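Worksheet: the structure to be examined is printed underneath.
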Amino acid sequence: SCDETCRDPSRWAAEFPSCGGLRQSPINIVTSKVHVNSALPPFDFIGHADTINITVENKGQSAHFALPQSVRLTGGALPGQYRAHQFHFHWGGNGRPGSEHTIDGERFPMEMHIVHIKEPYSSLAEAEHDMAGIALLAFLFEETSDDHPHLNTVISALGQVQNNDSSTVIPNFRLSDIIPSAKDLHSYYRYVGSMTTPGCEQAVAWTVFQRTLSISSRQLDAIFQQCRFWTGQPMTDIYRPTQPLDGRVVYRSRADAAVRSTIHVFTLKLRLTIFFGFIQICFRIRWRCDK
Ligand SMILES: *[C@@H]1O[C@H](CO)[C@@H](O)[C@H](O)[C@H]1NC(C)=O
Ligand SMILES: [Zn+2]
């Protein structure tokens with residue numbers, strides 16, 4: 001229904017009113033303005049290390065990797081247990097970065113989203129009436145010289161779903177091959193927002209992990225060159241521009257804060273050492289001058 005309007009994100013709101021709302025995603029995260037929140041614990045991932053067969057489908061504006069309901073998560077200060085629904089990627093093209101979230105204005109080469117639906121809802125449509133009905137996990141990619149060892153299965157699957165509505169199956173897939181385990185994901189940003197495609201439902205508890213995933217430039221090129229939009233055009237630059245915060249607060253979990261406070265203690269010690277050293281020097285000079 002949005003063949004025409006979907007082309008241009010600035011026109012989405014005309015057909016999908018939520019897209020013009022006050023809790024939209026993605027956003028630019030300004031790290032100097034995030035609020036450290038000690039009530040943001042790590043997640044518990046369930047079924048991430050299971051070997052599963054997943055279906056990949058070209059949806060016309062991106063490619064979705066469907067996940068079975070056995071993949072779940074709890075924790076992370078989310079209000080309940082969430083079932084995984086699908087994951088997908090946002091990318092740029094020909095050297096252009098394509099993440100949706102930006103950090104201090106920096107756009108990353110690619111971003112992975114894992115979409116989860118809160119229990120007991122069974123569909124996105126049901127979950128969208130709950131402000132935290134959907135939990136989205138976001139991973140930003142950083143370009144490295146070495147390939148990500150497990151992304152090649154994802155890339156070759158994309159090569160098999162080049163056209164709208166085509167699909168394929170990746171056998172023996174493990175989500176834990178792509179993303180780190182929960183214990184290595186203590187540091188994250190949290191804010192309330194929306195889906196980043198129409199209808200932009202404002203029902204998403206967003207988690208953007210500070211830890212980045214790696215991808216080589218060869219893999220990046222292979223990703224953006226394969227799929228086509230529903231229009232037949234190359235599927236490139238598939239990200240929505242960042243949206244205004246509109247008074248929302250972005251929180252950061254404390255794992256990183258623990259490191260920071262250690263640094264604070266250290267610099268305080270250093271300052272005190274310098275301060276007392278200075279006083280000592282003053283005393284010595286005075287003592288010598290007095291003599
Ligand atoms: C995956 O598919 C293969 C063959 O298509 C099947 O033998 C296997 O049992 C499936 N694995 C799971 C976990 O469903
Ligand atoms: Zn997305």
Is it fair to say Lys59 is modelled with pLDDT under 95, charged (D, E, K, R), open to solvent by 60 Å² or more (accessible area, probe 1.4 Å) and under 21 Å from the mean Cα position of the chain (by Cα)? yes
When you look at His64, is it in the same structural domain as Glu143 (by TED's automatic domain parsing), part of a strand (DSSP E or B), within 12 Å of ligand 2 (Cβ to nearest atom) and crowded, with 22+ Cβ neighbours inside 10 Å, yes or no? no
Can you find even one residue in region 220-235 that is touching a Phe, Trp or Tyr at 6+ places or on another chain (Cβ under 6 Å), under 28 Å from His129 (Cβ atoms) and within 16 Å of ligand 2 (Cβ to nearest atom)? no
Among the residues of region 194-202, is any open to solvent by less than 10 Å² (accessible area, probe 1.4 Å) and part of a strand (DSSP E or B)? no
Looking at region 51-65 only, could you name the residues that are under 16 Å from Val115 (Cβ atoms) and of a type in the set (Gly, Ala, Ser)? Ser62, Ala63
Being open to solvent by 60 Å² or more (accessible area, probe 1.4 Å), assigned by TED's automatic domain parsing to the domain that holds Gly199 and assigned to a loop (DSSP other than H, G, I, E, B) narrows it down to one residue among Arg11, Arg23; which is it? Arg23
Counting only residues in region 121-143 that are open to solvent by 50 Å² or more (accessible area, probe 1.4 Å), at pLDDT 95 or above and over 27 Å from Ser167 (Cα atoms), the one farthest from the chain's Cα centre (by Cα) is identified as Glu143
When the residues of region 94-120 are narrowed to those that are of a type in the set (S, T, N, Q) and more than 16 Å from Tyr191 (Cα to Cα), which ends up surrounded by the fewest Cβ atoms within 10 Å (Cβ to Cβ)? Asn94
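The values are calculated or read from the model by the stated rules, or taken from the named source; none is laboratory data. Since we're looking at a predicted model, the values are computed, not measured. Here Cβ is always computed from backbone atoms with ideal geometry, including for glycine, and neighbour counts include all displayed protein chains. Heads up: the accessible areas ignore ligands, DNA and RNA and are worked out on the full protein's heavy atoms, side chains in. Shrake-Rupley method; radii C 1.70, N 1.55, O 1.52, S 1.80 Å.
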